[in-house]
Amino acid sequence: MAITGRTVGLILLGVVAVLLWPSFATVGWWLLAVVVLVLLDLALARARVDITRTETPQIRLGESGTYVVTLRNVSGRRARGMLRDAWQPSAGASGERHAFDLPPGEGERFTVTLTPTRRGDRRADHCAIRIRGPLGLADRQSSVPMDLMVRCLPAFPSRRVLPSKLRQLREIDGNSAVQIRGQGTEFDSLRDYVEGDDVRSIDWRATARRQHPVVRTWRPERDRRVVILLDTSRTSASRVLDSPRLDHSMDAALLLTALASRAGDRISIALGDQQIRGRITGVSDRAALMHETVTTMAGIEPALVEANWSRLAGAVQQLTRTRALVVLLTALEPAVVRESLLPVLPVLTAHHRVVVASVSDPGVAAMAQDRSDAKAVYDAAAAERTTQLRGATAGSLQRAGATVLDEPPGVLPVALVDHYLQLKRAGLW
């Protein structure tokens, strides 16, 4: 039960009665009358309302989605009141409170807008409905269990550069066959010899059949393996530009996945720390691959544990037995890299081309440039020390045979796919 403003006003009106008949009996009788009216109003607030909802959509972080709530009065009394879907605050619900006034047999629709502020599954465990009595003195409130859920997919801000990278890929892989055969190329087609062609590319058997010179053309090899491993340990929970480092790593992984799948490569993705928390492999259809990737990533949160790189490296070996481009999206934390990643890195570099991609914090670079006061100078010294340690860590990884990309958010996805295209162009894996 919930009382309304009318009940409070009715109680205050009793002050007038007390002034006219000043006695304790007046106070008692007035309060008794108010209680009786409230209980009577509560007993009459028995209208029944059916609630149905459309399916809640999947929403990308930073975007909005809607669903429709339909109320129908299935009782013989007029139904007035308020309905509220109890969403988590991070679901960003607006319009989840609905005032309604329904005659018997009538219905009404409301639209709820959700703008999640965090990635993952946002839930509404129940909805609360208040039916107001005919006197307007009391509301009968009940909670109805509701298993409402909206999945907030990872943000993909780097998709704006995908069209330009696809044009570069077509120049490499589709529209421009090369004449020089090398590692990472495969036969494309035969064409007539033109002046300036390398004579070493002449196909003499085809030339004998056609009675004029014919040359072979080659293109970068398709159906190569790309393995992307996202570190979900405690280092991925640190915030960079108001978002966890893991979210920025997911952005880079999504851009590389979208581009490599268009290139005809086979993509495998794993996410883990002490154990593998998500795995995507064996999906050949591009649309299905992207859908499964974002759906799997949506439910992964950083774990406050150290990464077990021996187990993660073993997962890479399980995903592919052939030579592959292995991308490790992790943080360049000196202690973690030195104690856990470096000992197992030679196992990966012996069989695969390894790229270690890390999201750097632009705030550290800005702190290193500030010399405005004594405190800022100490902060700048700490930032310079951090930068030097990251540089030394990157050097250790490079000496172990890995390529290191250490870039700020927004730059890392582009740098990663540019490196992929460079390898594709040169046929280096």
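The values are calculated or read from the model by the stated rules, or taken from the named source; none is laboratory data. What you are looking at is a predicted structure, and each value in this text was computed from that prediction instead of being measured. FYI the Cβ positions are ideal-geometry reconstructions off the backbone, even for glycines, and counts take in every protein chain you see. Side chains included, ligands, DNA and RNA excluded: accessible areas come from the protein's heavy atoms. Shrake-Rupley method; radii C 1.70, N 1.55, O 1.52, S 1.80 Å.
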Which loop trypsin sites (Lys or Arg not before Pro) in the stretch 208-317, with loop taken from DSSP, have no more than 16 other Cβ atoms within 10 angstrom of their Cβ? 222
Nearest-ten-degree value, helix 162-173 long axis tilted from longest Cα axis of the chain: 20 degrees
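Can you give the calculated 222 nm mean residue ellipticity of the chain, where each DSSP H run of n ≥ 4 adds -39,500 (n - 2.57) and the sum is split over every residue, rounded to the nearest 500 deg cm²/dmol?
Mean residue ellipticity at 222 nm (helix-derived): -11500 deg cm²/dmol.
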Loop-located trypsin sites (Lys or Arg not before Pro) in the stretch 356-429, at most 11 other Cβ atoms within 10 Å (DSSP): 371
Which of the listed residues, 34, 86, 54, is farthest toward the dipole's positive end in the stretch 13-104, when Lys, Arg count +1 and Asp, Glu count -1 at the beta-carbon? 34
Any number yet on Rg/Rh for the stretch 252-304, C-alpha, Kirkwood? 0.98
Once the convex hull of the C-alpha atoms of the stretch 324-429 is built, how many Å³ does it hold per residue, rounded to a whole number? 93 Å³
If amide H atoms are built 1.01 Å from N in the plane of the peptide, which residues on other chains or at least 5 residues away come under 5 Å of the amide H of residue 243? none
Mind sorting out which of (1) 20.6; (2) 19.1; (3) 35.5 is the real mean projected area of the Cα convex hull in nm² computed from the coordinates? (3)
Based on Cβ point charges of +1 for Lys and Arg and -1 for Asp and Glu, what charge dipole magnitude is obtained for the chain about its Cα centre, in debye rounded to the nearest 20? 840 debye
Taking only the alpha-carbon positions of the stretch 235-388 as identical scatterers, the Debye log10 I(q)/I(0) at q = 0.09, 0.21 Å⁻¹ comes out as -0.35, -1.43
How much accessible surface area, in Å² rounded to 10, belongs to the heavy atoms of residue 147 with a 1.4 Å probe? 130 Å²
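Of 193, 420, 378, which has the most accessible area with a 1.4 Å probe, and how do the rest follow in descending order?
So, going from the largest accessible area down, we get 378, 193, 420.
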How high is the relative contact order of the chain, in percent, counting Cα pairs under 8 Å that sit 6 or more residues apart? 13 percent
Non-local amide H neighbours of residue 403 (under 5 Å, H modeled in plane, Pro and chain starts lacking H): which ones? 354, 355, 356
Quick one: 3J(HN,Hα) in Hz for the stretch 293-306, Karplus 6.51/-1.76/1.60 with θ = phi - 60°, rounded, Gly and Pro as x. 5, 5, 5, 5, 5, 4, x, 9, 10, x, 9, 7, 9, 6
With the charge dipole of the chain built from beta-carbon charges (+1 for Lys and Arg, -1 for Asp and Glu) about the Cα centre, the Cα from 226, 211, 308 projecting farthest to the positive end belongs to 211
Where the centroid of each part is defined by its Cα atoms, how far is the stretch 241-316 from the stretch 94-164 in Å? 31 Å
For a protection proxy built on the mean count of beta-carbon atoms within 10 angstrom, sort 105-111, 391-397, 352-358 highest first, please. 352-358, 391-397, 105-111
So what are the ³J(HN,Hα) numbers for the stretch 128-139, from phi and the Karplus equation (6.51, -1.76, 1.60; θ = phi - 60°), rounded to whole Hz, Gly and Pro as x? 10, 10, 10, 10, 7, x, x, 7, x, 9, 8, 10
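Quick one: length gained pulling residue 239 to residue 40 fully straight, 0.36 nm per residue minus the C-alpha distance?
On the way: separation 199, 0.36 × 199 = 71.64 nm, distance 5.59 nm.
Between residue 239 and residue 40, full extension yields an extra 66.1 nm.
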Once both labels are modelled 7 Å past Cα along the beta-carbon direction, what's the residue 384-residue 372 spacing in nm? 2.0 nm
